[in-house]
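The values are calculated or read from the model by the stated rules, or taken from the named source; none is laboratory data. Only a predicted model underlies this, so the values are computations on that prediction, with no experimental measurement involved. Using ideal geometry, Cβ is built from the backbone for each residue, glycine included, and neighbour counts are taken over all protein chains shown.
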Amino acid sequence: MLDYVPNPRAGALYCVRFAAPEFTSLCPVTGQPDFAHLVIDYAPGETIVESKSLKLFLAAFRNHCGFHEDVTVGIGQRLVAEMAPQWLRVAGYWYPRGGIPIDVFWQSGAPPKGLWLPDQGVPGYRGRG
């Protein structure tokens, strides 16, 4: 369950970032764990997501079977549907299994003009080289 609270700076344009570098879910084919570094950026509207509820929501995926695309996009779509931010993006930097890293990116639309978006700081997977 996700909880939302009133935005303490409603009307201000600013970016909030949550990083979950140890996110896990389960592969729907093998049942094996999949690991990702998730980065969620959003420009709040009238509400903000309460961080503990977001942490518990993300932790619940440890028992959820879903493809990387479904999990990443689904998290973003649920947050947008419930919180109604001005803008939101989620990036799933998934660690490789089977030799292929999969990075999934989704955003609710173009970011608002004037919103500062720092680099997400997650390098692409380089393997051993």
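Computed values, structure above
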quantity	calculated
Residues satisfying the stated conditions in the range 1-11, i.e. part of a strand (DSSP E or B) and either more than 20 Å from the chain's Cα centre (by Cα) or over 15 Å from residue 47 (Cβ atoms) (or both)	6
Flag if residue 71 is surrounded by 18 or more Cβ atoms within 10 Å (Cβ to Cβ), assigned to a strand (DSSP E or B) and within 14 Å of the chain's Cα centre (by Cα)	no
Residue that is surrounded by the most Cβ atoms within 10 Å (Cβ to Cβ) [pool: residues in the range 100-129 that are in contact with a helix residue (DSSP H, G or I) (Cβ under 9 Å, 6 or more places away or on another chain) and not in a loop (DSSP other than H, G, I, E, B)]	104
Hits in the range 1-33 - residues which are among the charged types (D, E, K, R) and in contact (Cβ under 8 Å) with a residue 60 or more places away in the chain	17
Residues (small (Gly, Ala, Ser), surrounded by 14 or more Cβ atoms within 10 Å (Cβ to Cβ) and under 19 Å from residue 120 (Cβ atoms)) located in the range 1-55	19, 20, 36, 43
Elements of type strands (runs of 3 or more DSSP E) contained in the range 12-62, each with 1 or more residues being of a type in the set (Asp, Glu)	16-26, 33-43
Residue ID - modelled with the lowest pLDDT, chosen from residues in the range 76-99 that are surrounded by fewer than 18 Cβ atoms within 10 Å (Cβ to Cβ) and farther than 22 Å from residue 53 by Cα	98
Candidates 89, 78 - the one that is among the basic types (Lys, Arg) and either farther than 20 Å from residue 3 by Cβ or part of a strand (DSSP E or B) (or both)	89
